Amino acid sequence: MESYRKSIVPHSFLSSSISYEEANYVIIGAPYDSTSSWGVGSRFGPSSVIEASEYLDPFDLELNCIPLEAGIYTIPEISILELNPESMVKLVKDVITNIREDGKVPILLGGEHTVSLGGIKALKDYIDVLIVLDAHADFYDSYGGRNISHATVSKRASEIVDQVIVYGIRTLGWEEKNELDGVKNVKVIKRNEVDRNDLIEILNAIRGKKAYISVDIDVLDPPQVPCIGTPEPGGLTYLELTRLIRDIIKRTEVVSMDFVEFSPCPGIRSDAYLVAKLIYKAIGYHVSYLGKEDLGCYPDR
Ligand SMILES: [Mn+2]
């Protein structure tokens, strides 16, 4: 269980070569896509994103600093591909628990959305609110005969977390609508239901709370990132998404983030690069507003 701390990582996020001990942020690849209903392939997400990240410029033009200096370490991918969803969630939970206990910020990389349940379970006692950015509500009580599935993630999470906010949805199953009517701690916001000012108001209402952000890459508009399992038209632009993540991190105390459902297509490099940049940007905002040391970042310029 502890062996990953000393192991040599062939590919690390932004080619970082620091030790686990020195890191404030830890990238965890969770290659799992066993319950995916349409496009399988998100198992290749973590390795593809980490490979693309090696081409990122460590200097952040917007923040005017090098967030990488906060220390980012990449552990080897967790071996979960062959597990059933329950065992997979348990193993991801154990890894995230260890990283949290070491005082580091876990950044989980899927894999399908189901892997988030491992992170959420590990951190449920440390978070007040779960913020899910997703094209779908993922609020089925069971899907394809499974209680733990990419389509039930927010429903399962709502049973263990006090408050859940889902933003960005563009489609909803009838069964999901009925499930949502039966819960009080979940706020699902349609993509076009609110403008940026409304979103800021919603975030101001949770100011200072401890938060977990789960980013389903399909919250983006399919032309922005075509390589996803379940594409849904009408999504966010890259800039809208990064700004929203910044707005969240500026107001809440984000303890962990995950980025899931990216499913690389052979021959397309821009997608993996976009996801890598999105993750580095999110880490950059975290370093700026919540970082342990002042690296001279200026997020509001
Ligand atoms: Mn999802």
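The values are calculated or read from the model by the stated rules, or taken from the named source; none is laboratory data. What you see is a predicted model, and the numbers here were worked out from it, not measured in a lab. No Cβ is skipped: glycine too gets one built from the backbone with ideal geometry, and neighbour counts run over all protein chains shown. Remember, those area values only see protein heavy atoms, side chains included, never the ligands or the DNA or RNA. Shrake-Rupley method; radii C 1.70, N 1.55, O 1.52, S 1.80 Å.
Could you identify the single residue in V287, V255, V260, V225 that is modelled with pLDDT of 95 or more, touching a helix residue (DSSP H, G or I) at 6+ places or on another chain (Cβ under 6 Å), of a type in the set (A, V, I, L, M) and over 24 Å from V161 (Cβ atoms)?
Numbers: V255 fails: over 24 Å from V161 (Cβ atoms); V260 fails: over 24 Å from V161 (Cβ atoms); V225 fails: modelled with pLDDT of 95 or more.
Criteria check complete, one pass: V287.
Exactly one of these conditions fails for D216: (1) within 12 Å of the ligand (Cβ to nearest atom); (2) surrounded by fewer than 21 Cβ atoms within 10 Å (Cβ to Cβ); (3) charged (D, E, K, R). Give me its number.
(2)
In segment 138-155, what count of residues is obtained for those that are under 22 Å from R43 (Cα atoms), within 14 Å of the ligand (Cβ to nearest atom) and surrounded by fewer than 24 Cβ atoms within 10 Å (Cβ to Cβ)?
Of the residues in that region, 2 qualify.
If I ask for residues that are among the small types (G, A, S) and over 18 Å from the mean Cα position of the chain (by Cα), which ones from segment 150-175 would you list?
First, the residues of segment 150-175 that are among the small types (G, A, S): 151, 154, 157-158, 168, 173.
G173 - this is the single residue of segment 150-175 that is among the small types (G, A, S) and over 18 Å from the mean Cα position of the chain (by Cα).
In segment 176-200, what residues are open to solvent by 100 Å² or more (accessible area, probe 1.4 Å), within 20 Å of T242 (Cβ to Cβ) and over 22 Å from the mean Cα position of the chain (by Cα)?
Scanning segment 176-200 gives a single hit, N197.
For G111, state whether it is open to solvent by less than 10 Å² (accessible area, probe 1.4 Å), under 26 Å from Y238 (Cβ atoms), within 16 Å of the ligand (Cβ to nearest atom) and among the small types (G, A, S).
Values: open to solvent by less than 10 Å² (accessible area, probe 1.4 Å): yes; under 26 Å from Y238 (Cβ atoms): yes; within 16 Å of the ligand (Cβ to nearest atom): yes; among the small types (G, A, S): yes.
It is true that G111 is open to solvent by less than 10 Å² (accessible area, probe 1.4 Å), under 26 Å from Y238 (Cβ atoms), within 16 Å of the ligand (Cβ to nearest atom) and among the small types (G, A, S).
Would you check if there is a residue in segment 50-57 being touching a strand residue (DSSP E or B) at 6+ places or on another chain (Cβ under 8 Å) and open to solvent by less than 10 Å² (accessible area, probe 1.4 Å)? Spell out how you get there, then give the answer.
Here is the first cut: in segment 50-57, the residues touching a strand residue (DSSP E or B) at 6+ places or on another chain (Cβ under 8 Å) are 50.
Restricting the remaining residues to those that are open to solvent by less than 10 Å² (accessible area, probe 1.4 Å) gives none.
No, segment 50-57 contains no residue that is touching a strand residue (DSSP E or B) at 6+ places or on another chain (Cβ under 8 Å) and open to solvent by less than 10 Å² (accessible area, probe 1.4 Å).
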